[in-house]
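Step one of this worksheet: look at the structure below.
The values are calculated or read from the model by the stated rules, or taken from the named source; none is laboratory data. Source: prediction; values computed, not measured. Positions of Cβ are generated from backbone atoms using ideal geometry, with glycine treated the same way; all protein chains shown enter the neighbour counts.
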Amino acid sequence: MSCFSVTGGKKLSGEVTIQGAKNSVLPILAATLLCRGQCILENCPRLRDVEASIRILQSMGCLARWQEDALVVDTAQMSEPVIPDELMREMRSSAIFLGAMLARCGEAELSYPGGCELGPRPIDLHINGLRQLGADIEENGGRLRCCSSHLTGCDIVLSIPSVGATENLMLAACGAEGTTRIFNAAREPEIVELQAFLQLCGGEISGAGSDCVVIRGGKQLHGCTHRIRADRIVTATYLCGCAAAGGEIFLRGTREADLAAVVTVLRDTGCRIQSGTDGLSCQRNGRLRAVSPVRTAPYPGFPTDAQSVLMAALLCAEGTTVFEENIFENRYRHVAELRRMGGDIHVLGRVAVVNGVSRLHGAGVESTDLRGGAALCVAGLAAEGCTQVGGIHHICRGYANLPGDLQALGADIIWQHE
Ligand code: EPZ
């Protein structure tokens, strides 16, 4: 079985350019359905989830091809707005195609999305918002049949600032007559990037990054060339890698502003993080300090996607850190694997208490999901001996080349193929 083999105890040193952001490119790939003309996405990461989105586009008759690190998409030949079950099950973001399909074709057929098992992940906010825009949505045997002769702009208030629901409704509203305002919208950098992409395609949209996004719909969008920004969660992962192993690294092409909450916590642990024009440097000498409770929250709060990698880094910190996971109900599945490596972690519902230990040891561990798998690699960097991380298909969903990047940062990690 393929696995990543990490030999720990070696300080990091070196630099790497951060890949394009998974959670930016996935909604943008759905948005290409709204565009007449070619969309060229530069710095597009080669990920399992991106390949899954390409298969969805191709299953609807669209063209998508790689041109070095750019993905060229042309949806002119789109045929039926139908996504087969097996493609929907591959990832959660397949749901984001719904708004764009309705805006483009006035109809869509798909099933409930799959993706990481982080607890219940309903799409009720997506469906309620689309119904408010005038879509008829019927569910039959797990399949959703949606049609809208005429989407009409309106005010939508989200009960939770859901990233996916905000993105889906932004895309649907581009095809609606009149103005849509999304209140309590998600404010993540990925929402700001989706707005930037739609504006480049001629869309009239504003307010992304605030809690109210305004879309003036009904305009035909055209193609564009857009550069995908650096992945803030990959950045957080490598910063936590440096915190865990010690040493000094430079992460090129990334910005502190996108992950300020993570940088603040890492500085509190004793890491020295400096922002430059073209990236972030991180230095860690001496033992990490435990920090005050880390509570995950919607942006600009502490991102749930960085919870597991930070926990892995703090396993050997001086003192006790308390984590509170407020976004997903079941996002501590990595804990049992970290305990195999000597981590002292107690979980009670949404709270995890991490008592720092003096040393970790290598072990055979299994990834449970994308970020949980990355956390096992981070812990492996600090552990004595060798850690074999299995289930790497989870990790490859969001990291284009985690072993290669960590090798560039001086880590002793190899990708052991079958
Ligand atoms: C996005 O997921 C990200 N995925 C996730 O990253 C990230 O963890 C999450 O936002 C939160 O930041 C992508 O962007 C592709 P939500 P999404 O809708 O859109 C509840 C990673 O590791 N909710 O903001 O699915 C939901 O159950 C992934 O890269 C409803 O109840 O997240 C959750 O508890 C994992 N009804 C909360 O809201 C809805 O209709 C936040 O979910 C929608 C969401």
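One table, with the values for the structure above:
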read-out	value
Matching strands (runs of 3 or more DSSP E) fully within segment 19-86 where at least 1 residues are closer than 13 Å to H226 by Cβ and not β-branched (V, I, T)	35-42, 70-74
Test: residue in segment 242-253 that is outside any helix (DSSP H, G or I), in contact (Cβ under 8 Å) with a residue 12 or more places away in the chain and buried (at least 24 other Cβ atoms within 10 Å of the Cβ)	yes
Filtered residue count, segment 346-357, keeping only those that are of a type in the set (G, A, S), out of contact with any helix residue (DSSP H, G or I) (no Cβ under 7 Å at 6 or more places or on another chain) and either surrounded by 17 or more Cβ atoms within 10 Å (Cβ to Cβ) or in contact (Cβ under 8 Å) with a residue 24 or more places away in the chain (or both)	0
Subset of segment 248-279 [hydrophobic (A, V, I, L, M, F, W, C) and closer than 20 Å to G301 by Cα]	A257, L259, A260, A261, V262, V263, V265, L266, C271, I273
When residues of segment 88-120 are limited to those that are surrounded by fewer than 18 Cβ atoms within 10 Å (Cβ to Cβ) and of a type outside the set (D, E), the one farthest from the ligand (Cβ to nearest atom)	G106
Some residue of segment 296-305 being closer than 30 Å to W415 by Cα, at pLDDT 95 or above, more than 14 Å from the ligand (Cβ to nearest atom) and not in a helix (DSSP H, G or I)	no
Pair list, Cβ under 7 Å, 6 or more apart: segment 358-384 residue free of Cβ contacts under 8 Å to residues at least 40 places away in the same chain, other residue assigned to a loop (DSSP other than H, G, I, E, B) and within 16 Å of the ligand (Cβ to nearest atom)	E366/G391; S367/G391; G373/S367; G373/G391
Among (1) buried (at least 21 other Cβ atoms within 10 Å of the Cβ); (2) part of a loop (DSSP other than H, G, I, E, B) - the single one A312 does not satisfy	(2)
Unmet criterion (only one of (1) closer than 24 Å to T237 by Cα; (2) within 15 Å of the chain's Cα centre (by Cα); (3) aliphatic (A, V, I, L, M)) for L29	(1)
Any hit, segment 211-223, residues being in contact (Cβ under 8 Å) with a residue 24 or more places away in the chain and under 19 Å from the mean Cα position of the chain (by Cα)	no
Test: L144 is within 14 Å of the ligand (Cβ to nearest atom) and either β-branched (V, I, T) or farther than 24 Å from D305 by Cβ (or both)	yes
Those strands (runs of 3 or more DSSP E) lying entirely in segment 329-418 with at least 1 residues hydroxyl-bearing (S, T, Y), under 14 Å from F4 (Cβ atoms) and touching a Gly at 6+ places or on another chain (Cβ under 9 Å)	386-390
Test: residue in segment 172-181 that is at pLDDT 95 or above, within 13 Å of the ligand (Cβ to nearest atom) and β-branched (V, I, T)	no
Inter-residue pairs, beta-carbon under 7 Å, first closer than 22 Å to R121 by Cα and in segment 316-345, second surrounded by fewer than 17 Cβ atoms within 10 Å (Cβ to Cβ) and among the acidic types (D, E), 6+ apart	N330/E117
Residue match in segment 254-267 (condition: touching a residue at least 60 places away in the same chain (Cβ under 8 Å) and in contact with a Ser or Thr (Cβ under 8 Å, 6 or more places away or on another chain))	yes
